[in-house]
Amino acid sequence: MKFKSIRGTKDVLPGEVEDWQYVEKTIRHVMSIFNYREIRTPVFEQTGLFARSIGELTDIVSKEMYTFKDRSDESLTLRPEGTASALRAYIQHNVGEQSPLTKLYYMGPMFRQERPQAGRLRQFHQFGVEAIGSSSPQLDVEMMLIALRIYRELGIQEFTLKVNSVGCERCRPPYKRLLIGALRGVRHQLSPESQARVDQNPLRVIDSKDENDQALIRDVPLMKDHLCPECNIHFGEVQTLLHGTGTPFVVDGRLVRGLDYYTKTAFEITSSALGSQDALAGGGRYDLLVEELGGKPTPGVGFAAGIERLLMVLGKVGTPRRVDFRPVLFIVTIDDEARRWAFAKTHELRLKGVRVEIDYLGRSVKAQMREANRQEALYTVVIGETELLSRSGRLKNMQTGGETAVNLDEIESAIQS
Ligand code: HAM
């Protein structure tokens, strides 16, 4: 019997993994520039943590979570996102007591049982950023700048930043009533999915993917036009700061995020290089979430971005650059004595940090040269009895094909010059 990976999951093999490593390195570099520190949390948590934060009525919690009972009958869930876990850890370890503002980032696998399609997986990877402890709109904009900086650093230029405000606990309830009133007239013509949402989660009707729904709700009131003064000032300041940093953006009053914890700012970055799953990143402010999870009232803002989607765009429009794995030197050997010498020499050079490779399969000189070529080794040297006796060999530059004599005790300096 042959086993296969689970539908919606993906193996990252050598050849592709170098792109991942390059992206991860770039993310870490940008995070250090913005002064964010990494947090690593477990991939599973108590189910209640996600239900409570993301919201019982969201698609994620109601139909996409990988939830199971462990042997002690406790309900556990593979994390569908990183914010809830980061805040759980923040609260549990009293991180807020050490400094009033905590800037965190994370990278890792997330799990959602969605219908797999291009850009939508069941195990996918996110990098995410959270700033906990400040209600300043500067941090809302910092989130957007971090995401855009990472994309630019990777050579991705084409994207759209969409921003909106989803209001707060003061202005959202009266707006919701207004919206439900407006939806009532068209309710029975809406798609079954939207009909079900009218009472429970009316905001989600607004971002329905159904074209007929969109035509029916073209004129419904939008949250951004019904904000309370505080939310309105905040939203205005976010836009002013974006203008001040020369960041192009569009206000999208129909942007509704699929998680319930947002207050005030919500944003998404989309790319036309992606198909229907065009969101590269999404985030926003969540000023009530820390308290909701049992911490002291503490404002926060963050975003997360899909790494697979980023790599898809990178493959199409970016300039993929890879972590260099090519051996600097491939030592080709003729006999057992040469193999022993090469093994010790390789050990010595690797201790010094040089990428060296040898043959472990007893292959012919010709096959070893072919292997060196396949691995794109920069130099090769063929070692046999003659070379060991004379302590010298011919160092071949695999790119130019040129050969030079080399003293075997001075290989290191020869390949570095
Ligand atoms: P989200 O919008 O659910 O937000 O996910 C963020 C990003 O993760 C998406 O824009 C997309 O790139 C990627 N993503 C989501 N689901 C999938 C999937 N099934 N397959 C591939 N990629 C996917 C959050 O997760 C929030 N925690 C963001 C946040 C952080 N808000 C505040 N802080």
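Under 5 Å between amide hydrogens, built in the peptide plane, is the criterion, and for Q113 it picks out M65, Y66 among residues at least 5 positions away or on other chains.
Derived value for the stretch 59-128: Kirkwood hydrodynamic radius 14.0 Å. Basis is the mean of 1/r over every pair of different alpha-carbon atoms. Simple point charges give the picture: +1 on the Cβ of Lys and Arg, -1 on the Cβ of Asp and Glu, and for the stretch 133-236 a dipole about the Cα centre of about 280 debye.
Placing R285, R204 in order of accessible area, with the largest value first and a 1.4 Å probe, yields R204, R285. For H226, H243, the ranking by accessible surface with the largest value first comes to H243, H226, using a 1.4 Å probe.
Per-residue extension of 0.36 nm, minus the Cα-Cα distance of V365 and K4, leaves a gain of 126.2 nm for this segment.
The Cα-based radius of gyration of the stretch 281-378, divided by its Kirkwood radius, gives an Rg/Rh of 1.38. Mind jotting down a quarter of the surface of the convex hull over the alpha carbons of the stretch 361-413, in square nanometres, one decimal? Projected over every direction and averaged, the Cα hull of the stretch 361-413 covers 4.0 nm². The equivalent ellipsoid of the stretch 53-192 has semi-axes of 28, 24, 21 Å, largest first, where each one is the square root of 5 times an eigenvalue of the Cα gyration tensor. When the residues L145, L121 are ordered by accessible surface, computed with a 1.4 Å probe over the protein chains alone, the sequence from largest down reads L145, L121.
Would you kindly calculate the translational diffusion coefficient of the stretch 127-203, applying Stokes-Einstein with the Kirkwood radius from alpha carbon pairs, for 10 °C and a viscosity of 1.306 mPa s, and quote it in µm² s⁻¹ without decimals? Taking Rh from Cα pairs, D becomes 100 µm²/s. Dipole magnitude for the chain: about 560 debye, using +1 per Lys or Arg Cβ and -1 per Asp or Glu Cβ, origin at the Cα centre. With protein chains left intact and a 1.4 Å probe, residues in the stretch 344-417 average 61 Å² of accessible area per residue. Note on the chain: with neighbouring protein chains present and a 1.4 Å probe, carbon and sulfur make up 51 percent of its accessible heavy-atom surface. Give me log10 I(q)/I(0) at q = 0.11, 0.12, 0.19 Å⁻¹ for the stretch 202-340, Debye formula, one equal scatterer per alpha-carbon, no solvent. Each listed q corresponds, in turn, to -0.60, -0.68, -1.31. Give the residue from P80, V301, Y360 lying farthest towards the positive end of the charge dipole for the chain; charges sit on Cβ (+1 for Lys and Arg, -1 for Asp and Glu) and the dipole is referred to the Cα centre. Positive-end residue among those listed: P80. The C-alpha atoms of the stretch 213-254 occupy a region whose extents along the principal axes are 37, 24, 9 Å, arranged from largest to smallest. Give the Debye-formula value of log10 I(q)/I(0) at each listed q (0.15, 0.17 Å⁻¹), with one equal scatterer per alpha carbon of the stretch 57-96, two decimals each. Computed log10 I(q)/I(0) values: -0.49, -0.60. Normalised per residue, the accessible area of the stretch 187-257 is 54 Å², obtained with a 1.4 Å probe and no contribution from ligands, DNA or RNA. Projecting the Cα atoms of Q138, L329, S5 onto the charge dipole of the chain, computed from C-beta unit charges around the Cα centre, puts S5 farthest toward the positive end.
Shape descriptor for the chain: Rg over Rh equals 1.11 (Cα atoms; Rh from the Kirkwood inverse mean 1/r).
The values are calculated or read from the model by the stated rules, or taken from the named source; none is laboratory data. Source: prediction; values computed, not measured. For neighbour counting, all protein chains shown are included, and Cβ atoms are generated from backbone atoms with ideal geometry for every residue, glycine included. Note: accessible area is taken over every heavy atom of the protein model, side chains too, but ligands, DNA and RNA are not part of it. Shrake-Rupley method; radii C 1.70, N 1.55, O 1.52, S 1.80 Å.
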